[in-house]
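The structure appears below as structure tokens.
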Amino acid sequence: MKMKLVDQVVRSFRVAKVFRENTDKINSIDFSPSGETLISCSEDDQIVIYDCEKGTQVRTVNSKKYGVDLIHFTHAKNTAIHSSTKVDDTIRYLSLHDNKYIRYFPGHTKKVVSLCLSPVEDTFLSGSLDKTLRLWDLRSPNCQGLMHLAGRPVAAYDPEGLIFAAGVNSESIKLYDLRSFDKGPFVTFKLTQEKECDWTGLKFSRDGKTILISTNGSIIRLIDAFHGTPLQTFTGHLNNKGIPIEASFSPDSQFIFSGSTDGRVHVWNADTGYKVCVLNADHPGPVQCVQFNPKYMMLASACTNMAFWLPTIEDT
């Protein structure tokens, strides 16, 4: 019997397991599509892989030379891509079981701030402070497409992997068809430019109907993916450190989860915008990463520590 995610279940989430393997802030996490494993990377240059079913840490891989950020599982087993924090701004494709690089993707000349993998094929997008968005194929080190933009980009694929959204300069969202992205965006949504903060993340809901915009301030926005209409503004979580706090959907697109600098996890209802609850995690530092498992009834949140959450009530 599959438990349904309703307010009461969300409010019952408690930390089931805490991992204290990292000595510095965890800056990025990603679940495998099967939901069985979770990968994280941190500012101490460590990549940690967790088994979500057993609630155990499986392996730690060091990336001391290049640093590591924006880590993502690829579709092949035991492989990941990540951006670099040292040496240069190359994206790296890593084989996790033997800690060897399969391929490098050079091209960006400033820090990569957005990295996303196609949900259906071996292509990925990267956005950088060099004001470009690049399209890549895992099988080739050469950039497959280059877009020059008017400001800092954030990017996301839609759930079908047919289109991608580029958020530019914290004020507009451009939608591109992947088969003809060189023709430019097929639609642009102009929003009010953020005064207090920058857009730092974009995510489509799994039903493809909405786009979630996260920022390095205390505001999260939800817009309609077809018309660009603002639907909700989520506030009340703290971000007084100017860090890119992640916001995530539940798999059913009904709830929005976000970290905060006070170490707690905030949850809103996506349809109504009301705050469902604030989950106290005893995170000693700012919670930058929060994601819901795509297959299991489980949440992960991370500061320097990684916390796994499970619901504590039986579905009635």
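The values are calculated or read from the model by the stated rules, or taken from the named source; none is laboratory data. Keep in mind the model is a prediction, meaning the values are calculated, not measured. Reconstructed Cβ throughout: ideal geometry from the backbone, glycine too, with neighbour counts over all protein chains shown. In case anyone asks, the SASA skips ligands and DNA or RNA and just uses the protein heavy atoms, side chains included. Shrake-Rupley method; radii C 1.70, N 1.55, O 1.52, S 1.80 Å.
Return the calculated 222 nm mean residue ellipticity for the chain, to the nearest 500 deg cm²/dmol, obtained by summing -39500 (n - 2.57) across DSSP H runs with n ≥ 4 and dividing by the residue count.
Values: 1 runs with 5 residues, N = 316.
Helices in the chain give a 222 nm mean residue ellipticity of -500 deg cm²/dmol.
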* For the chain, which whole-number percentage of the solvent-accessible area (1.4 Å probe, protein heavy atoms only) is attributable to carbon and sulfur atoms? -> 49 percent
* Compare the Cα positions of V61, P141, C289 along the charge dipole of the chain (+1 at Cβ of Lys, Arg; -1 at Cβ of Asp, Glu; about the Cα centre) and return the one farthest towards the positive end. => P141
* Report the FRET efficiency, 1/(1 + (r/R0)^6), for N240 and L162, where r is their Cβ-Cβ distance and R0 is 30 Å, rounded to 0.05. => 0.20
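Counting pairs of alpha carbon atoms under 8 Å apart in space and at least six apart in sequence, what relative contact order in percent does the stretch 1-139 give? Don't jump to the answer; show the numbers that get you there.
Numbers: 277 pairs, mean separation 17.2, N = 139.
Computed over the stretch 1-139, the figure is 12 percent.
Only four residue types carry charge here, +1 at the Cβ of Lys and Arg and -1 at the Cβ of Asp and Glu. Report the dipole size of the chain about the Cα centre in Debye, rounded to the nearest 20.
300 debye
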* Could you give the distance between the Cα centres of the stretch 115-153 and the stretch 251-316, to the whole Å? -> 29 Å
* Structure fact -> Quick calc: nm separation of the 7 Å Cα→Cβ label points for K209 and V278 -> 3.0 nm
* Asked: Gain in length, L310 to D224, computed as 0.36 nm per residue apart minus the alpha-carbon separation, to one decimal in nm?
  -> 27.9 nm
* **q = 0.13, 0.14, 0.21 Å⁻¹, the stretch 9-106: log10 I(q)/I(0) [Debye, one scatterer per Cα]** => -0.45, -0.51, -1.06
* Structure fact -> Measure of exposure for W136: accessible area at 1.4 Å probe, Å² rounded to 10, is 0 Å²
* Between N305, N142, N22, find the one with the highest GNM mean-square fluctuation for the chain; connect C-alpha pairs within less than 10 Å. => N142
* Global size of the stretch 29-162 as Cα Rg and Dmax, reported in angstrom -> 14.3, 46
* Could you tell me which trypsin sites (Lys or Arg not before Pro) in the stretch 242-307 are loop residues by DSSP with no more than 15 other beta carbons within 10 angstrom of their beta carbon? => K295
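Taking R0 as 22 Å, what's the FRET efficiency between R20 and Y296 from their Cβ-Cβ distance, rounded to 0.05?
Details: r = 22 Å, r/R0 = 1.02.
Calculated value: 0.45.
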* In the chain, what is the volume of the convex hull around the alpha carbon atoms, normalised per residue and reported in Å³? -> 122 Å³
* **Residue among S214, S83, S172 with the largest mean-square fluctuation in a Gaussian network model of the chain, springs linking Cα atoms under 10 Å** => S172
* Asked: Ignoring ligands and nucleic acids, what accessible area does K209 show with a 1.4 Å probe (Å², nearest 10)?
  -> 120 Å²
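Over the Cα atoms of the stretch 89-141, compute the convex hull volume and normalise it per residue, giving Å³.
Convex hull of Cα atoms, per residue: 81 Å³.
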* **Probe 1.4 Å, protein heavy atoms only - accessible area per residue of the chain in square angstrom** => 43 Å²
